[in-house]
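Beneath this line is the structure, given in structure tokens, with notes to follow.
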Amino acid sequence: MKQELKDIFYKVYGERQVSYFFSPGRVNLIGEHTDYNGGHVFPSTISLGTYGVVSSNEDMIIRCYSDNYPALGIVEVDLNDLSFSESDEWVNYLKGVIIQFKKKGFELNHGFDLAIKGNIPGGGLSSSASLELLVCVMLRKVYGFDLDMLEMVKMSRAVENEYIGVNCGIMDQFIIGMGKKDHAILLDTNTLNYKHVPLELGDYVILIGNTNKKRTLADSKYNERFSECQTALKMMQEKLDISSLGDMSIECFEENAGAITDGVLLKRARHAVYENQRTLKSYDALMAGDLIEFGRLMNESHESLKEDYEVSCKELDTMVYAMREQEGVIGSRMTGAGFGGCTVSLVKKDSVDKVISVVSEIYENEIGYKGDFHGVEIGNGAGELEA
Ligand code: GLA
């Protein structure tokens, strides 16, 4: 990949001394729509991600080229004008990150030339958080800024919340920044306490299925779910001293459910509370080596996201249910925000090829276009690649 990136950079900007960076995508094993509700999440990085090649320049201009958007050509960002512009597409994420650095008092006193290439399929595997953290690690290196990864994780989330307009939680940025080879992370989004958990799956592997149903979070009902949970929390707070839905046990929720007077809001809150507890149980199951239980909890998570949280869709359901019918599949659910995007399944190693071929066929017959499948390798979080 590095040779390819170098060729792209040289073609666009000419031959120069360059540095290389990589930022992964992520898959969430379980704990969905819990991260902005003060709950737990259990994601890992994936080997697909975003690559960047960069070299300083002497101007006050950042030149941006993406091999994924060749028609966009080189987009020039004036360091004195970082306003959002629809037509700048992916470059807006870079502008949003720079604004965060400036807010922290880090000044960029010259520009740089950048070429990127990503191989994360769109929707559900966090291509935007991958890009945000890529820009963070590049800026830190190019300008020699002194700040730690956790700070950059928080700044990247702020880009989404303040600049892009998505009220997301911190899961994606956290795992992409803090990820560790062969480990998932169990993260308490309330306290940001976390554990790197070795992902030992024995005879099983994680299989991602991409529905190829595209969506962006900005045009989905993501922010609506966020506000619904905020309202449900406020209703609970009339009765209870809690700071998030993640503070509640199932018993506490059931005892006080009457405080939420709207049926839809009650369903949203129920998902947030049960999914948080399910995530903790999944961790216990994994630690006990009980993968069957882990898979069962994944299935339960999907039902809750479909029925109570209503963020699944025909494409995700079709793929998930086709998966579950196959021998060797012990759990399958949607992953990420939903409304399209990807599924994640726990599949017996020696069944993977057969499962992919049968599920591909069922999916295409039912939906009318193909899905894609990817095995998961877990690498480190975002950083510089050796030259
Ligand atoms: C998106 C958001 C995350 C999280 C998931 C749903 O990926 O960026 O913060 O809320 O959806 O679990």
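Observations on the model:
- Label-zone membership for the stretch 74-103, site residue 161, 7 angstrom Cα→C-beta point, backbone N under 17 Å: 96-103
- Approximate shape of the chain as ellipsoid semi-axes (Cα gyration tensor, √5λ), whole Å, largest first: 35, 25, 19
- Using the Cβ of residue 76 as centre and a radius below 13 Å, the other residues enclosed give a net charge of -3, where K and R count +1 and D and E count -1.
- Calculated from the alpha-carbon coordinates, the stretch 1-122 shows an Rg and a Dmax of 16.4, 48 Å respectively.
- Rounded if a/c under 1.5, otherwise prolate or oblate - the stretch 204-375, Cα gyration tensor axes: oblate
- Tensor-based shape of the stretch 121-269 (alpha-carbon gyration tensor, a/c under 1.5 rounded, otherwise prolate or oblate): prolate
- For the cross-link pairs 239/306; 102/234; 102/213; 141/213; 2/214, the ones whose C-alpha atoms lie over 31 Å apart are 102/234; 102/213; 141/213.
- Taking a sphere under 9 Å around the Cβ of residue 380 and counting the other residues whose Cβ falls inside, with K and R at +1 and D and E at -1, yields a net charge of +2.
- For the chain, the relative contact order works out to 24 percent when only alpha carbon pairs closer than 8 Å and six or more residues apart are counted.
- Put the Cα centre of the stretch 4-59 next to the Cα centre of the stretch 157-174 and the gap is 16 Å.
- Extension reserve of the residue 196-residue 3 stretch, reckoned as 0.36 nm per residue once the Cα distance is removed: 66.3 nm
- Shown is the FRET efficiency for residue 310 and residue 284, computed with R0 = 35 Å from the Cβ-Cβ distance and rounded to the nearest 0.05: 0.80.
- Computed FRET value (nearest 0.05) for residue 224 with residue 60, which takes r as the C-beta separation and R₀ as 56 Å: 0.90
- Sequence-distant residues sharing a close amide H with residue 380 (under 5 Å, placed H): 181
- Evaluating 6.51 cos²θ - 1.76 cosθ + 1.60 at θ = phi - 60° for every residue in the stretch 65-79, the Karplus couplings come out as 10, 10, 5, 7, 10, x, 5, 6, x, 8, 9, 9, 10, 7, 4 Hz, glycine and proline recorded as x.
- Using every pair of distinct Cα positions in the stretch 91-181, the Kirkwood expression returns a hydrodynamic radius of 13.4 angstrom.
- Relative contact order (%) - the stretch 204-375, alpha-carbon pairs under 8 angstrom, separation at least six: 33 percent
- Computed from the C-beta positions of residue 84 and residue 358, the FRET efficiency with R₀ = 41 Å rounds to 0.40.
- Here is what passes the span test in the chain: the DSSP H helices with alpha carbon length of 20 Å or more along the helix axis and a Kyte-Doolittle mean of 0.5 or above are 127-143.
Where a number appears in this text, it was derived from the coordinates with a stated rule and is not lab data. Here the structure is a predicted model, which means the values were calculated and not measured. Cβ sites come from the backbone with ideal geometry, for glycine too, and all protein chains shown count toward neighbours.
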